[in-house]
Every structure is written in structure tokens, then in C-alpha cells.
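This report concerns only the one structure given below.
No value in this document is a laboratory result; all are computed from the given coordinates. Remember, predicted model here, so these are calculated numbers, not experimental data. For neighbour counting, all protein chains shown are included, and Cβ atoms are generated from backbone atoms with ideal geometry for every residue, glycine included.
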């Protein structure tokens, strides 16, 4: 029996395949999750970027929402960009439904439109120096609760946060060569397994 973590990547939209390849290269057994029953055997899940309202529509249409909601309340989950929005307990600009599991307020598209996308190198609490962060129509974490640990920031706003078994990024770590964020999530999953 394999001791490698079994990680799913929600494969309804976004760069799910890039996340899966990155995690596999780091030693995880990965699966692209397209049906609710595929969540049952997972140790952790990545909610990739994309468009959060489209995610919600797809989840409702597939009868997926309730199963996924139960999963995010009990297992390790890493949300990037739209995934971060789906985890937040409050979503603004405009308001929308979410899983409300991460103690954070997130503003959608806070840094502007697609042509306002940017790549920054910022300090992080992760070892290894500055972290390359790719922001594409990125949300902004406007507020976090006391149990949320801020791991990286952009102009004083959190960009990478952890709350227990949840990890959320407003940027796209899968679009860089730096593997530290994905490795950090795998370490979280292994910690939860043991």
C-alpha cells in the first residue's frame, strides 16, 4: 500500500492539469476530480483558479456542491485564486455563495481586469527566499480571523494564508517553477494523515 498522499484536483475549469502534474512530480498520487464520488478516497484536494461563479454553477449542476462542502469542512484543501474565494467565509465585489470554511473576507477581482495581471517576487514565511507570485484577475484577502496564519503578502494584503488544514493563495503557484507552495500543502496533508 502506498504511503504517498492521494490528492485530488477539482477538474471543472482552470489550470487543474498543471496542479496535478506539479503534485505528481513532488510524489503525490493525483487524480483529476470530475465527479463527487471521486472525493471519497482522497487525503486532500486542490481547488484551482478559474471563475468562482462558474465553479458554483458547475457544482450545482453536477450535484457536487453538498459532497464537496462536506469534504472541505473535514479534509486538507488548497484553494488558489477562485479556489480561495470558494473557501472564504465572506465574499465581496459582488457577494456570492461560498463554502465559508476559511475565516477570511475576500474581494473578487480586487486587483483589476485580465490586463492588470502581474508577476511579483515577494517575501514569504516559507523557507527559500522571495516567492514568485502570478496574479491573474486576482482576489484580495481583505481581512482574516485570529486563527489564520499569513504566509505571504502583497502591499500589506495577505496572498498566502493557512488556517489549520486549509491553505489559500490569491495567486497561481502552479504557473511558476517554484514548488514550495505545493510542497507545503503536501506536508500539510501528510501531517493530517498522521
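Could you state the principal axis extents of the C-alpha atoms in region 1-42, from the largest down, to the nearest angstrom?
Principal axes ranked by extent give 29, 22, 7 Å for the Cα atoms.
Given R₀ = 25 Å, what would the calculated FRET efficiency be for residue 136 paired with residue 105, taking r from the Cβ atoms and rounding to 0.05?
Result of the calculation: an efficiency of 0.75.
For the chain, what does the relative contact order come out to in percent, with C-alpha contacts under 8 Å and a separation of six or more?
Result for the chain is 18 percent.
At q = 0.11, 0.25, 0.26 Å⁻¹, what is the base-10 log of I(q)/I(0) for region 1-91 according to the Debye formula with one equal point scatterer per Cα and no solvent? Please give it to two decimals.
-0.27, -1.42, -1.53
What is the spin-label model distance, in nm, from residue 32 to residue 187 if the labels are put 7 Å beyond Cα along the C-beta direction?
Roughly 3.0 nm, to one decimal.
Taking R0 as 35 Å, what's the FRET efficiency between residue 73 and residue 121 from their Cβ-Cβ distance, rounded to 0.05?
0.55
In a Gaussian network model over the chain where Cα atoms closer than 10 Å are linked, find which of 155, 58, 93 has the largest mean-square fluctuation.
Among 155, 58, 93, the largest GNM mean-square fluctuation belongs to 155.
Taking a temperature of 20 °C and a viscosity of 1.002 mPa s, what whole-number D in µm²/s does Stokes-Einstein yield for the chain with Rh from Kirkwood over alpha carbon pairs?
For these conditions, the coefficient is 131 µm²/s.
Note down the nm distance, to one decimal, between modelled labels 7 Å out along Cα→Cβ at residue 155 and at residue 97.
3.3 nm
What is the spread of the Cα atoms of region 41-101 along each of their three principal axes, largest first, in whole Å?
For region 41-101, the Cα extents along the three principal axes come out at 34, 22, 17 Å.
Among 40-48, 27-35, what's the highest-first ranking by average C-beta atoms within 10 angstrom per residue?
Result, highest mean first: 40-48, 27-35.
State the dimensionless ratio Rg/Rh of region 92-194 (Rg: radius of gyration of Cα atoms; Rh: Kirkwood radius).
Answer for region 92-194: 0.95.
Springs between alpha-carbon atoms under 10 Å, Gaussian network over the chain: tell me which of 76, 130, 139 tops the mean-square fluctuations.
With Cα springs under 10 Å in the chain, the top fluctuation among 76, 130, 139 is at 130.
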